[in-house]
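Below you'll find the structure, written out as structure tokens, and then a few comments.
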Amino acid sequence: MPVVLRAAAFADLSRTASVPAYDPKSITAGILHFGVGNFHRAHQAVYLDDLFNRGLDHDWGIVGAGVRDADAAMRDKLMGQYLLTTVVEQEAAQSSARVTASLVEFLKPGDTHAIINRLADPAIRIVSLTVTEGGYYIDPASQRFDPKHPDIVHDAAHFDTPKTVFGLILAGLKRRRDIGIAPFTVMSCDNIPGNGHVAHNAVVGLARLIYPELAAWVEANVAFPSSMVDRITPATTDRERSLLAADFGITDAWPVFCERFRQWVLEDNFPAGRPALEQVGVQFVPDVAPYELMKIRILNGGHATIAYPAALMDIHFVHEAMENDLIRGFLAKLEREEIIPVVPPVPDTDLGDYYRLIETRFANPRIADTITRLCHDGSNRQPKFILPSVRDRLSLGQDVPGLALVGALWARYCYGVTDSGQPIAPNDPDWPRLSLEAARAKDDPHHWLEMTDIFGEIATHKKYENSFTRALNSLHAHGTRETLTRYLAGTL
């Protein structure tokens, strides 16, 4: 019989998995984290678990918080197993499991009063976030904070009952200021260029709508360090729950499966203190930007590159896409000819070696990362992962045939059927508009580029427009396989 996840069962669990070397009850709160999803539990929570296992910094446990329905579902599952998580690290040749206990509390989503009170607790010295690329209220075209978003307008008008993460953070900071408690540090762990600056702009931008003097205080007193985070972490399904029970004899309502590789680069700017994460492999640097840009352009841009052709060819898993010669060739040609040449140098890093590592990670057959996950939320991801490379190349007078093909593949995906005629389920918060524009673009590709809130000035650049038009016309007329074949041959 599988062992149910609980601290009292650590002895039984240790037969197949690593278990905490510390008493979970010895861990006290120091971090409040918004967005307790799979990535957070496979990344930040694991680094802290490593630290606690060394007997260090037991006052830096994590308090979970959130504002979405998904946060409530996660809380329900984790509360039922004493906030423990099983993390399964998978490589082609082997897998290993560990139980982590770095989450010490999980506040009920929607309980604004409790969340603000916890944010005002002097013990909370860091507030961290993994709220996805779309959670920062960024205008896609300008990549700046959007003060007119309905959620931000709501929080500006109802500051006592905010419904956004940034409204809650601002309320917590105001409470601390009013009662004389030093502010916490706000640490973004999302895949956004300059994520610390973006988080700063969201908090200060909201404050300016409500209390200009509070905005000035935040700017003068609150630190927003930038970070680069990396670990491929698929969504959890019944498949993962069944594998955990069969391979490790553990029952976990929401385990996390991930690759063995992980990376975390952090700007060392924590006035309120921080855990000694350098002891467990976190790299502290004065400037995260080179690492962050490398990862976003090469890895996240690479994911966006393979996602849509794979979906249109009815491929389910990422490793299966990498087994397809056309998709793997498309990725390699695009990275080497268009993406990597406009990535600035990174300290002590060979970009070619970094890309080869990415290829290996994408091809890992044990991860079972899905193409559907990579395709999700293109309206937020394309402007962050693909279009910046387009802008850089165009500014240098260089061609963008592969990058324009990525955009055309996204448009073709939003048309809503695969090459074989299978329906594509809505997979973007803006899906109704995207599907409408994709249908119009079948006859006139320029309709897709009229979404200037996404494309900005790129929409009117002739090099991009011409390459995009040729690519989308080819996809509709000849299909994905033939279009990729022509691109690889240089005849598209």
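Here, each number is a calculation from the coordinates, and none is a lab measurement. All figures in this text were calculated on a predicted structure; none of them were measured in a lab. Cβ coordinates were reconstructed from backbone atoms using ideal geometry, including for glycine residues, and neighbour counts include every protein chain displayed.
For this structure, a couple of remarks:
- Under a 5 Å amide H cut-off, with hydrogens placed 1.01 Å from N, Ser128 pairs with Leu32, His33, Phe34, Met187 among residues at least 5 apart or on other chains.
- Degrees between helix 69-79 axis and first principal axis of the chain (Cα, 0 to 90, nearest 10): 40 degrees
- Percent RCO, i.e. relative contact order, over segment 59-99, from Cα pairs under 8 Å lying at least 6 residues apart: 22 percent
- Among beta bridges identified by DSSP and lying wholly in the chain, the antiparallel ones come to about 35 percent.
- Rounded if a/c under 1.5, otherwise prolate or oblate - segment 289-489, Cα gyration tensor axes: oblate
- Nearest-0.05 FRET efficiency for Arg6 and Ser142, computed from C-beta distance (R0 41 Å): 0.25
- Summed side-chain charge close to His446 - residues other than His446 whose Cβ falls under 11 Å, Lys, Arg +1, Asp, Glu -1: -4
- Per residue, the average separation of C-alpha pairs within less than 8 Å and at least 6 apart gives segment 19-157 a relative contact order of 30 percent.
- Computed log₁₀ I(q)/I(0) - Debye formula, equal Cα scatterers, no solvent, segment 3-285, q 0.11 Å⁻¹: -0.62
- (1) 22.3, 72; (2) 22.8, 67; (3) 29.7, 90, with the label sought being that of the calculated Rg and Dmax of the Cα atoms in Å: (2)
- The angle separating the long axis of helix 325-334 from the principal Cα axis of greatest extent in the chain is about 80 degrees.
- The residues neighbouring Pro122, those whose beta-carbon lies less than 12 Å from its own, together hold a net charge of +2 under the Lys/Arg +1, Asp/Glu -1 convention.
- Annotation for Asp69 and Gln279: the two label points, set 7 Å from Cα along the Cα-Cβ direction, are 4.3 nm apart.
- With Cα atoms defining each centre, segment 7-47 and segment 282-354 are spaced 31 Å apart in the structure.
- Label-to-label distance for Ala245 and Glu482 is 4.8 nm, based on points extended 7 Å past Cα in the beta-carbon direction.
- For Ser95, Ser395, order by how many other beta-carbon atoms lie within 10 Å, fewest first: Ser395, Ser95
- Segment 363-376 - phi-based ³J(HN,Hα) in whole Hz, Karplus 6.51/-1.76/1.60, Gly and Pro as x: 8, 4, x, 8, 6, 6, 6, 9, 5, 4, 5, 5, 7, 5
- Most tightly packed first, judged by the mean number of other beta-carbon atoms within 10 Å of their residues, the peptides 399-412, 466-479 read 399-412, 466-479.
- By other beta-carbon atoms within 10 Å, ranking Glu292, Glu465 with the fewest at the front produces Glu465, Glu292.
- Under 5 Å, built H, 5+ apart or other chain: amide partners of Ile367: none
- Vicinal HN-Hα couplings computed from phi for segment 349-354 (Karplus, 6.51 cos²θ - 1.76 cosθ + 1.60; Hz; Gly/Pro x): 9, 9, 5, x, 5, 4
- Dipole magnitude (debye, nearest 20) for the chain, charges at Cβ of Lys, Arg, Asp, Glu: 280 debye
- The string of couplings for segment 397-403 from the Karplus curve (6.51, -1.76, 1.60, θ = phi - 60°) is x, 9, 7, 9, x, x, 5 Hz, one whole number per residue in order, with x for Gly and Pro.
- Counting only DSSP beta bridges whose two residues both lie in segment 3-285, roughly 30 percent are antiparallel.
- Distance from the Cα centroid of segment 441-492 to that of segment 64-135 is 41 Å (rounded to whole angstrom).
- Axis angle, to the nearest 10 degrees, between helix 195-210 and the longest C-alpha principal axis of the chain: 70 degrees.
- Taking the chain and dividing mean pair separation by its residue count, relative contact order in percent (alpha carbons under 8 Å, at least six apart): 14 percent
- Counting only DSSP H runs of at least 4 residues, each contributing -39500 (n - 2.57), and dividing by the residue count of the chain, the helix-based mean residue ellipticity at 222 nm comes to -13000 deg cm²/dmol.
- Taken along the Cα-to-beta-carbon direction at a fixed 7 Å, the label points for Asp350 and Thr161 span 6.0 nm.
- Here segment 347-492 is treated with +1 on each Lys and Arg Cβ and -1 on each Asp and Glu Cβ, and its dipole about the Cα centre works out to around 260 debye.
- Members of Lys77/Lys174; Lys333/Lys442; Lys174/Lys384 lying beyond 29 Å, as alpha-carbon distances in this model show: Lys77/Lys174; Lys174/Lys384
- Sequence ranges 202-211, 322-331, ranked by mean other-Cβ count within 10 angstrom, highest first: 202-211, 322-331
- Local electrostatic count at Gly61 - Lys and Arg +1, Asp and Glu -1, tallied over other residues with Cβ under 14 Å: -2
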